[in-house]
Amino acid sequence: AQSVAQPEDQVNVAEGNPLTVKCTYSVSGNPYLFWYVQYPNRGLQFLLKYITGDNLVKGSYGFEAEFNKSQTSFHLKKPSALVSDSALYFCAVRDGGSYIPTFGRGTSLIVHP
Amino acid sequence: DTGVSQDPRHKITKRGQNVTFRCDPISEHNRLYWYRQTLGQGPEFLTYFQNEAQLEKSRLLSDRFSAERPKGSFSTLEIQRTEQGDSAMYLCASSGTGTVNTGELFFGEGSRLTVL
């Protein structure tokens, strides 16, 4: 079985400050980890992924995420938040032997001017 | 536009009616997924195709739900005898295999269903 937890329903941050959106996961095998962003009334857009290799992965729009195997976490980060980053963020995981990702409940990121 | 397209974007229907949604994936992608998303929740997996074969179905997919991908290209999701609890956003996504497969899904804009 595979599962994802996003412990925060909402994250508030001031523009220009660093942001972190948390994600922890559980899989039986090697994890494939993903972050997606969703703007109102739109589909999900892929931001970044970890399959193997460096624990720090960089993605679209200046976002990055750090894979931590011992803590089973894959937190999303950005050094300097923009108001336009305000959206819903979803973490997803799949076992390396599966093609079906499981999504978290999502975290609403609000960046204040 | 070469992305995933879904039709219709919005559907309002009365309880008990049948509805059908269509998804056209990215042309070179042979994997196609249907997810359902309700307010405040993440996408929940419904079903998955590889080419025309439906390889997995969620327990969420009751007998009233059926999905097809007849020629391995577009897919349809039909809901019979709709109930108010079926109101949700239905998301379609696609991905590739082999050298095209980089793991991530490409989502359409979704089809929002409202059952009155």
message: Yes or no: region A:67-75 includes at least one residue that is within 13 Å of the chain's Cα centre (by Cα) and of a type in the set (Phe, Trp, Tyr).
response: yes
task: Go through region B:14-38 residue by residue and tally those that are out of contact with any strand residue (DSSP E or B) (no Cβ under 7 Å at 6 or more places or on another chain) and under 25 Å from residue B:95 (Cα atoms).
output: 2
message: Just to be sure I understand, how many residues within region B:35-75 are within 11 Å of chain A (Cβ to nearest Cβ), hydrophobic (A, V, I, L, M, F, W, C) and loosely packed, with under 15 Cβ neighbours inside 10 Å?
response: 2
task: Name every residue in region A:69-97 that is more than 9 Å from every other protein chain (Cβ to nearest Cβ) and small (Gly, Ala, Ser), in order of residue number.
output: A:70, A:73, A:80, A:81, A:84, A:86, A:87, A:96, A:97
Search result, residues across region B:19-30 that are within 13 Å of another protein chain (Cβ to nearest Cβ) and open to solvent by 10 Å² or more (accessible area, probe 1.4 Å): B:25, B:26, B:29, B:30
Residue count for region A:54-73, restricted to those that are on the phi < 0 side of the Ramachandran plot, free of Cβ contacts under 8 Å to residues at least 24 places away in the same chain and open to solvent by less than 60 Å² (accessible area, probe 1.4 Å): 4
query: So which residues in region A:18-48 are away from every other protein chain (no Cβ under 13 Å), surrounded by 13 or more Cβ atoms within 10 Å (Cβ to Cβ) and in a loop (DSSP other than H, G, I, E, B), if there are any at all?
result: A:22, A:27
Any chance residue A:76 is open to solvent by less than 60 Å² (accessible area, probe 1.4 Å), more than 26 Å from residue B:108 (Cα to Cα) and either hydrophobic (A, V, I, L, M, F, W, C) or modelled with pLDDT of 95 or more (or both): no
Residues that are in contact with a Phe, Trp or Tyr (Cβ under 6 Å, 6 or more places away or on another chain), of a type in the set (S, T, N, Q) and at pLDDT 95 or above, drawn from region B:44-77: B:47
- request: Could you figure out which of (1) within 16 Å of the chain's Cα centre (by Cα); (2) on the phi < 0 side of the Ramachandran plot; (3) of a type outside the set (A, V, I, L, M, F, W, C); (4) open to solvent by less than 60 Å² (accessible area, probe 1.4 Å) isn't true of residue A:95?
  value: (1)
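The values are calculated or read from the model by the stated rules, or taken from the named source; none is laboratory data. Quantities reported herein were computed from a predicted structural model and do not represent experimental measurements. As a convention, Cβ positions derive from the backbone with ideal geometry for all residues, glycine included, and neighbour counts pool all protein chains shown. Surface accessibility is based on the protein's heavy atoms, side chains included, excluding ligands, DNA and RNA. Shrake-Rupley method; radii C 1.70, N 1.55, O 1.52, S 1.80 Å.
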